[in-house]
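Presented below is the structure to which this report refers.
The values are calculated or read from the model by the stated rules, or taken from the named source; none is laboratory data. Since the structure is predicted, the reported quantities are computational estimates derived from the model, not experimental observations. As a convention, Cβ positions derive from the backbone with ideal geometry for all residues, glycine included, and neighbour counts pool all protein chains shown.
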Amino acid sequence: MLGLMMQTPLLLSSILMHAARSFPDVEIVSRTPDKPDHITSYSGLLERSSRLANALDSIGIKPGDRVATLAWNSYRHLELYFGISGMGAVCHTINPRLFVDQIIYIINHAEDAVVFFDLAFIDLVHSLMPQCPTVEAWIYLGEAGDAKIVGAKGFPSYEGFLSGCSEAYAWPEFDENTACGLCYTSGTTGNPKGVLYSHRSAVLHSCAAALPDACRISLDDTVALVSPMFHAMSWGMPYCATATGSKLVMAGQNVDGESLHRLFEDHGVTFAGGVPTVWLGYVRYLQSAGVKPTTLNRALIGGTACPASLMETLQDEYGVEVLHGWGMTETSPLATISKPLRKHMTSSRAERRSRQVKQGRALFGVEIGIRDGNNRKLPHDGKAVGDLVVRGPWIARAYYKMPESERADGWFFTGDVVTIDSDGYMQVTDRSKDVIKSGGEWISSIELENLAMAHPEIVEAAVIGIAHPKWDERPLVLAVRRQGARLEAQDLLTFYEGKIAKWWMPDDVLFVDELPHGATGKVLKTKLRELYGNRDSAAISQTGNPPAAEANGGSYVSPQLASRSRRHLRLTRGRTR
């Protein structure tokens, strides 16, 4: 027996129309480097998105066509989100931080018909155009006169494209499983892979993200879009905030600590999300300037594991609750968030923090599990370590144009190595490609990184495995010191003592001016392994005890550490001093 409920499809246009109907005057603010903040509203968003849909209709864009964006976070980009998808086409957000060859591959693989781009990317566009034959129009996001400033004469402008188009548009109804958005992975191994979202998945993800035990997004909030709109649809926040009627603030391209603090204070931001690198910069600015946030009360941190020291600083010093989450492009992206259960409320502060540093429990609609190398289920006991698998209504079942990537068992294998405890808290111990395999045992690079960043004189750290003739791999720490710090390698190694198993002790520490970051703000460990993976492997710790020696009272310490000279390497310049 079927129910007698209406079959109203879950479409992104319904979010847009609801916001304009229920919250017409709520502001949408965009910050640009050289102009006053642009302010519009949800009623204005509907009108302009309607004009865009009419304009796309006028040039023959059909349902299913891919229409690309190459842009920072702004009100125009938000109009593209809703206008393209609402008419039934696919909004393909391109990450401009990828290599040019990767972007060319992405555009050609997606077969984009139109590309809308910010004028900041005019040089990039010139290099792309000859190699992207499917693109029929390149339209810059600005006024007609803007092109003269940066040498983009001859390109049509966005405002000119919308000129004369009606503000009335009959948003079509179609199957809620229709594709709405296309994002490509970062492509750290091989070509980027396309993740094709549906209207249904996007709407359901928005509802789940707003729940009280998730991000708690409501009409009382001012939400800052800090995570780029070209990466995993800005973590779904453009849809989630619009659906709930939150005031929206677009950070634009400047997400340094000072810019974020001024943006948050100027517009009363209460909620923002970003990778740890962004929040580390924000905290460094607060500390150096001697200021505190007055309105920000929640920070969603994901992308990579949040260092416990960053979490403690935000919460204890600045009163900002940290929502530690996990997700990826393939999960829309929010899948888990760490929040204490009611039974944990009476636990000690240390016990509560030990759970908060984990990536958390699955959101409603998401199911997680762990598997061994033979795809057998592993227990959720907090001890078993295995591959994280996930499934749910906003999880990718296959990659775009890669039907062979769909698994018969209906689960998505994430590439993360995790534990899950009996209360459902998942903790990422490493990416499968980053875990350090030493003497047949696994060492978590993430845990060693978090401990390093807990040192008051360390700004950022990464840990990789370096080749070893006896133990296969041993840990190497690459760390960035605070300005003026005099910390030495042995000081940091001493800091590790008593906090980790003895055989986890890193073989060495190298101090660098900065770490390389990829297109989504994550540290590029592939680059670090390329530079340092085979560094002095034959000379380091050949006489050290194996990992299993700890059980016999052994202690693994590099005998070369105390005597060798300290070398402080500039990663970007390759200069030794």
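Of all residues in the range 333-346, those that are within 13 Å of LEU300 (Cα to Cα) have Cβ atoms under 7 Å from Cβ atoms of residues that are assigned to a helix (DSSP H, G or I) and modelled with pLDDT under 95, 6 or more apart or on another chain, in PRO333/ALA232; SER338/ARG355; SER338/GLN356.
Pairs are defined by a Cβ separation below 6 Å, a sequence spacing of at least 6 or placement on different chains, a first member in the range 517-539 that is at pLDDT 75 or above, and a second member that is part of a helix (DSSP H, G or I); the pairs so defined are GLY521/THR277. LEU487: part of a helix (DSSP H, G or I) and out of contact with any Gly (no Cβ under 6 Å at 6 or more places or on another chain), yes or no? Here the answer is no, as LEU487 does not meet what is asked. Scanning the range 174-192 for residues that are at pLDDT 95 or above and touching a strand residue (DSSP E or B) at 6+ places or on another chain (Cβ under 6 Å) yields ASN177, ALA179, CYS180, GLY181, LEU182, CYS183, TYR184. Scanning the range 226-254 for residues that are under 20 Å from SER13 (Cβ atoms), out of contact with any Gly (no Cβ under 7 Å at 6 or more places or on another chain), in contact (Cβ under 8 Å) with a residue 60 or more places away in the chain and of a type outside the set (Gly, Ala, Ser) yields MET229, PRO238, TYR239, THR242, LEU248.
Residues that are in contact with a Ser or Thr (Cβ under 7 Å, 6 or more places away or on another chain) and surrounded by fewer than 22 Cβ atoms within 10 Å (Cβ to Cβ) number at least 2 in the following helices (runs of 4 or more DSSP H) confined to the range 58-171: 100-110.
From the list ASP118, ASP34, the lone residue that is at pLDDT below 95, of a type outside the set (S, T, N, Q) and farther than 16 Å from PRO192 by Cβ is ASP34. Scanning the range 394-404 for residues that are surrounded by 15 or more Cβ atoms within 10 Å (Cβ to Cβ) and of a type outside the set (Phe, Trp, Tyr) turns up ILE395, ALA396, ALA398.
Every residue in the range 209-238 that is surrounded by fewer than 22 Cβ atoms within 10 Å (Cβ to Cβ) and assigned to a helix (DSSP H, G or I), please. Matches in the range 209-238: ALA210 only. Residues that are aliphatic (A, V, I, L, M) and closer than 23 Å to SER332 by Cβ number at least 1 in the following strands (runs of 3 or more DSSP E) confined to the range 393-454: 412-420, 426-431. Can you say whether TRP442 is touching a Gly at 6+ places or on another chain (Cβ under 6 Å) and either within 22 Å of ASN534 (Cα to Cα) or touching a residue at least 12 places away in the same chain (Cβ under 8 Å) (or both), as far as the supplied structure shows? Against the criterion (touching a Gly at 6+ places or on another chain (Cβ under 6 Å) and either within 22 Å of ASN534 (Cα to Cα) or touching a residue at least 12 places away in the same chain (Cβ under 8 Å) (or both)), TRP442 does not qualify. From the list ILE436, ILE420, the lone residue that is touching a strand residue (DSSP E or B) at 6+ places or on another chain (Cβ under 9 Å), crowded, with 22+ Cβ neighbours inside 10 Å and modelled with pLDDT under 95 is ILE436.
The residue that is farthest from GLU351 (Cα to Cα), among those in the range 285-302 that are buried (at least 17 other Cβ atoms within 10 Å of the Cβ) and touching a strand residue (DSSP E or B) at 6+ places or on another chain (Cβ under 8 Å), is LEU296. For the residues ASP256, ASP266, the requirement of being more than 20 Å from the chain's Cα centre (by Cα) and not hydrophobic (A, V, I, L, M, F, W, C) singles out ASP266. In summary, strands (runs of 3 or more DSSP E) completely within the range 239-344 and bearing 3 or more residues that are more than 26 Å from SER445 (Cα to Cα) occur at 247-250. State all residues of the range 348-378 that are under 21 Å from GLY415 (Cβ atoms), of a type outside the set (S, T, N, Q) and in a loop (DSSP other than H, G, I, E, B); if no residue qualifies, say none. Those that are under 21 Å from GLY415 (Cβ atoms), of a type outside the set (S, T, N, Q) and in a loop (DSSP other than H, G, I, E, B): VAL357, LYS358, LEU363, VAL366, ASP372, GLY373, ARG376, LEU378.
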